[in-house]
Amino acid sequence: MNLKKFTLFLFSCLFSVSTVFAQRDTIGIKTIVTKTSQYINAFPFEKVYLHLDKPYYTAGDTIWFKAYVTIDKHQPTVLSNIVYVDIANDKDSIIKVLKMPVVNGTAHGNIFLPAETYRQGNYHLRGYTQYMRNYDPDYYFNKNITIGNSIIEGINTGITFKNTGKPIAVIAYKETGGAGLANRRVNWSIANANGDEVAKGKATTDANGNITVPLSEAANTNLQKATLIANLETPGKKEKLDRFPLQGAAEQHDVQFFPEGGELTLGVESKIAFKAINANGLGTNIKGVVIDNTGTTVAQLQSQHAGMGVFTLTPQDGKTYKANITFSDGSTASYDMPRIKPSGISLAVNNFDPNNVNIKLTANQAYFAANQGKMYYVLAQNGGAVYFAAQTALTQETFTSSIPRDKFPTGVIQFSLMSERGVILAERVIFVQRNDALNIALNSDKKTYGARQKVHLQVAAKKGAAPVAGDFSISVIDESKVPYDEDNETTILSNLLLTSELKGNVEKPNYYFLTKNANAAADLDVLMLTQGYRRISYRNVILNKVPQIVLQPEQNGLEITGMLRNNTGMPISRGNLRLQIPSKRFFTETMTDMEGNFKVSKLDFADSAEIVLNARGNVNSRNLVISVNGDPYQPATKNIYNLDEIMNIDSAFKPLLVNSKRQYDNTHTLKEVTIKAKPMVKKPSYKDYSMLSGLPAMSDQSLTGERFQDCPNLYVCLPANLLGVTAEDNNLYFSKNISNSNKLPIQVFVDGKVVDYGYLNSIAGRDVEVIDVFKSDGVSSINRTYQSDGIISIITKKKPKGERITLQQLQDMIPKGNVLTYNGFGYAVAKEFYSPKYDALKQGAFGGDLRSTIYWSPKVRTDKVTGTTSVDFFNADGRGTYRATIEGFDADGNLGRYIYRYTVK
């Protein structure tokens, strides 16, 4: 067959307009490229990547992180000056939110993990900007974080699943030394995806510390979305609570097939990628054959990595096809091949030429006969920037072209085949690896050190052979305490270049960036065949469908907005307001607009700092009321990255957990105490207030104040911690009512007084005693009185009886509408990583420094002339291999990462 070269058009070229473009229903390729460029300029994409000091943690530990906020070609953002980082538990309830200033595209912070708050389990860590909240939360930085807790629990647990006719779970309880906990009572329950209990029971551990839980009692529940909760009774009437996801208990496999370009075409040879997953949603090995409807084998298949593989097939007229699969556990299944188009055109991309990317269009006879002479476009883009555009008339059934690889940046490139009407006919994504990352090197003054010896680490960064002024972060860990799977790391390269561009979860993303993996390039190409690109839709671009931008980028730092009204609710225009931040000794004045709104920008204050707004300088100021708008808040989202959840945390992270317990024991020595009986103190309750006394005797949900210790203010944290409650339009609603046009809000009471939702900005989490939620108002008639549907009662902590208060404190307790004092949601105060300094001549006793993170610095900047800098720190007492990781970027968006190891003896 004769082959014809494309007429190539690069993005920078002028496009000649053919007479065919004069047709009413066609669109020129120049128009498509121009619209795409305008789209990405008007709606740029921001990304957030978090470099963590280590991959998993224990209670009592601290998560140290640096945020890299990028825009366009991974350059430091110029769009947002604030970044948010939050962490949620396995119930998708947010525990802590941090707000940090972004300087030159970076920010840094830390999250302390108190044992009482962070029970053992899997947590969801997110990073995002306010502007990113206009888009799907999947675009945020999302990472599953496993936290062990050997301080409170002190008992190791593990779970295995068996199926001998009926599915069962076997839970093993062992002491730290390995002996089984015999004759211990365990209460267990199974909860469905909504958290509702569907089965429960009791058991006693056998001589080996095991119990058996019959999962068949939850037969009507989807085990893939269910959770097994087990409470082991321990001395002192305490419990060890474990939560085990049950997706691994379901005997379920699935295989999906992905033809290159999107569809199979009759008579056209096509690559077909496949992905096999087990009940946990992770890749599983398979092998099999593809047969036609006569039983003839036409292809053989075998997975090559993470359950993925590829084979070729040329569909024939009158034939149907199916795959007979054998899974690694010996089970078998059959799957029909995707449907076959009787008439079509395909797009194939060969990405294995070291110098070129080769593309091929193939039209079958039926399609060629119907569309001969028509124009077709091929575009290739990354992040909205079009790097290649070509057009050709369909004059042959097959067309090929080679594109120089250096036309593309490193990363995911989306190729799209489009008709002259702008209809996408086929798409294919590839990964271009240019090997153009920053060349970063770490070198120490020695290869072998002693415990507590000083380490001098030299840093050098280059782009090619030229020195680079880069912004980096360095983590040094003791690998004997923190062993982990290097393939499964989240890195600045795997995140910003790969996973942030693709739909769905990518298993073991760092595998594709390790030079030790000889087959990584081929496996990465198969991954590209099985994943979808999620950034740009040409259809939306052509039809001028733009995203709804509700939240603007935060370019002016911290802002406080609100409204000034009189006591009848009428806005006060041109009203004077004075703002004070006592802790900063800062004050400023502002004026409301014609609608009574005010805004104060470019503020800088710490989280939970006291803010005072004063309107006393106005006429009739006694009749004025100040209200403040709520701070930006992103509700918790379902952790779609829970495929990385660790089920048997005690065994998976045993070295770190054992070390954590030793650290705790070394720093917490029990002393003799004398216990004196105290009279029972009555706990504060909603029943103490006459307005609420008619509510039901038992609330539908009750939360103690300990849950909100890290909460900056209740406006931010309350919705995520309440079951079935949603915040919308500055009100709280039960989620079941949110879609009703005539929905009624939940009425909020604070210490028995009616308040609106915005008032919760003034209540810090640490001041909360108890919160109760009621779906019914009992006999109180509150819902009828306040036109509400449900009640939330918040009781705050009171000063102990007998404690004197000053006259000023007494005056402050009297509400004043023209003065508003509340705790602002300011910047989190980033702590400095503590790195001890040891005197070589006075070493002292060894064995007490059990740190797993030896060193952390988010402020490593190389010199623009030499490209170098250095850091100094001291080793801990642990012997073995220490691992130093450096990550970062330069001002041009060039990314880099390097691993260096040395030995401590």
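The values are calculated or read from the model by the stated rules, or taken from the named source; none is laboratory data. Keep in mind the model is a prediction, meaning the values are calculated, not measured. Every residue, glycine among them, receives a Cβ derived from its backbone with ideal geometry; neighbour counts consider all protein chains shown.
Laid out as a table, the results:
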quantity: Qualifying positions in the stretch 483-513 - at pLDDT 95 or above and within 14 Å of A884 (Cα to Cα); calculated: T491
quantity: Hits in the stretch 814-839 - residues which are modelled with pLDDT under 65 and either farther than 27 Å from F774 by Cβ or β-branched (V, I, T) (or both); calculated: I814, K816
quantity: Among the residues listed as K661, K678, K654, the single one being surrounded by fewer than 17 Cβ atoms within 10 Å (Cβ to Cβ) and either within 30 Å of V748 (Cα to Cα) or at pLDDT 70 or above (or both); calculated: K654
quantity: Any hit, the stretch 306-319, residues being within 16 Å of V526 (Cβ to Cβ), surrounded by 19 or more Cβ atoms within 10 Å (Cβ to Cβ) and more than 37 Å from the chain's Cα centre (by Cα); calculated: yes
quantity: Hey, I171 surrounded by 19 or more Cβ atoms within 10 Å (Cβ to Cβ), assigned by TED's automatic domain parsing to the domain that holds T234, in a strand (DSSP E or B) and touching a residue at least 60 places away in the same chain (Cβ under 8 Å) or not; calculated: yes
quantity: Residue satisfying condition, being out of contact with any Ser or Thr (no Cβ under 8 Å at 6 or more places or on another chain), among the hydrophobic types (A, V, I, L, M, F, W, C), crowded, with 20+ Cβ neighbours inside 10 Å and within 30 Å of L850 (Cα to Cα), within set I413, I403, I440; calculated: I440
quantity: Residue in the stretch 602-621 that is under 26 Å from the mean Cα position of the chain (by Cα), more than 30 Å from G383 (Cα to Cα) and among the hydroxyl-bearing types (S, T, Y) present; calculated: yes
quantity: Search result, residues across the stretch 557-572 that are farther than 15 Å from V628 by Cα and touching a Leu at 6+ places or on another chain (Cβ under 9 Å); calculated: G557, N567
quantity: Counted residues, the stretch 751-767 - those being in contact with a Leu (Cβ under 7 Å, 6 or more places away or on another chain) and either among the hydrophobic types (A, V, I, L, M, F, W, C) or at pLDDT 90 or above (or both); calculated: 2
quantity: Residue, modelled with the highest pLDDT, within the stretch 261-287, restricted to residues that are touching a His at 6+ places or on another chain (Cβ under 8 Å) and assigned to a loop (DSSP other than H, G, I, E, B); calculated: T284
quantity: Where a residue in the stretch 330-349 is closer than 29 Å to A380 by Cβ and its partner, wherever it lies, is surrounded by 19 or more Cβ atoms within 10 Å (Cβ to Cβ) and of a type in the set (K, R), with Cβ under 6 Å and at least six apart; calculated: L347/R428; V349/R428
quantity: Any hit, the stretch 587-599, residues being exposed (fewer than 15 other Cβ atoms within 10 Å of the Cβ), closer than 17 Å to D631 by Cα and in contact with an Asp or Glu (Cβ under 9 Å, 6 or more places away or on another chain); calculated: yes
quantity: Members of the stretch 252-277 found to be of a type in the set (S, T, N, Q) and touching a residue at least 40 places away in the same chain (Cβ under 8 Å), listed by number; calculated: Q256, T265, S270
quantity: Every pair of residues 6+ apart whose Cβ atoms lie under 6 Å, when the first sits in the stretch 188-213 and is in a loop (DSSP other than H, G, I, E, B) while the second is at pLDDT below 85 and charged (D, E, K, R); calculated: A193/K225; G209/K174
quantity: Residue ID - modelled with the lowest pLDDT, chosen from residues in the stretch 864-886 that are assigned to a loop (DSSP other than H, G, I, E, B) and loosely packed, with under 14 Cβ neighbours inside 10 Å; calculated: K864
quantity: Residue selected from the stretch 545-604 under the condition in a loop (DSSP other than H, G, I, E, B) and among the aliphatic types (A, V, I, L, M), by the criterion farthest from Y822 (Cα to Cα); calculated: V546
quantity: Where a residue in the stretch 765-790 is among the small types (G, A, S) and its partner, wherever it lies, is surrounded by 18 or more Cβ atoms within 10 Å (Cβ to Cβ) and part of a strand (DSSP E or B), with Cβ under 6 Å and at least six apart; calculated: S788/Q747; G790/F734
quantity: Enumeration of residues in the stretch 130-168 that are at pLDDT 90 or above and touching a Phe, Trp or Tyr at 6+ places or on another chain (Cβ under 7 Å); calculated: M132, Y140, F141, N142, K143, N144, I145, T146, I147
quantity: Every residue from the stretch 82-103 that is surrounded by fewer than 20 Cβ atoms within 10 Å (Cβ to Cβ) and not aliphatic (A, V, I, L, M); calculated: D90, K91, D92, S93, P101
quantity: T265 vs. criteria over 30 Å from K202 (Cβ atoms), of a type in the set (S, T, Y) and surrounded by fewer than 16 Cβ atoms within 10 Å (Cβ to Cβ); calculated: no
quantity: Given (1) under 26 Å from N519 (Cβ atoms); (2) crowded, with 21+ Cβ neighbours inside 10 Å; (3) out of contact with any helix residue (DSSP H, G or I) (no Cβ under 6 Å at 6 or more places or on another chain); (4) of a type in the set (A, V, I, L, M), number of the condition L228 does not satisfy; calculated: (1)
quantity: So A720, is it under 18 Å from A636 (Cβ atoms), assigned to a strand (DSSP E or B), within 31 Å of the chain's Cα centre (by Cα) and of a type in the set (G, A, S); calculated: no
quantity: Qualifying residues in the stretch 389-409 (those that are in contact with a helix residue (DSSP H, G or I) (Cβ under 6 Å, 6 or more places away or on another chain) and of a type outside the set (D, E, K, R)) - the one nearest to Y533 (Cα to Cα); calculated: A389
quantity: Residue within the stretch 692-707 that is surrounded by 14 or more Cβ atoms within 10 Å (Cβ to Cβ), at pLDDT below 75 and on the phi < 0 side of the Ramachandran plot present; calculated: no
quantity: Verdict on A764 being touching a strand residue (DSSP E or B) at 6+ places or on another chain (Cβ under 6 Å), surrounded by 15 or more Cβ atoms within 10 Å (Cβ to Cβ), over 25 Å from N194 (Cβ atoms) and among the aliphatic types (A, V, I, L, M); calculated: yes
quantity: When residues of the stretch 354-379 are limited to those that are in contact with a helix residue (DSSP H, G or I) (Cβ under 7 Å, 6 or more places away or on another chain) and of a type in the set (S, T, N, Q), the one nearest to I424 (Cα to Cα); calculated: N356
quantity: Residue tally, condition surrounded by 15 or more Cβ atoms within 10 Å (Cβ to Cβ) and either modelled with pLDDT under 90 or in contact with an Asp or Glu (Cβ under 7 Å, 6 or more places away or on another chain) (or both), over the stretch 567-576; calculated: 2
quantity: Test result for A226, within 30 Å of S303 (Cβ to Cβ), touching a strand residue (DSSP E or B) at 6+ places or on another chain (Cβ under 9 Å) and of a type in the set (A, V, I, L, M); calculated: yes
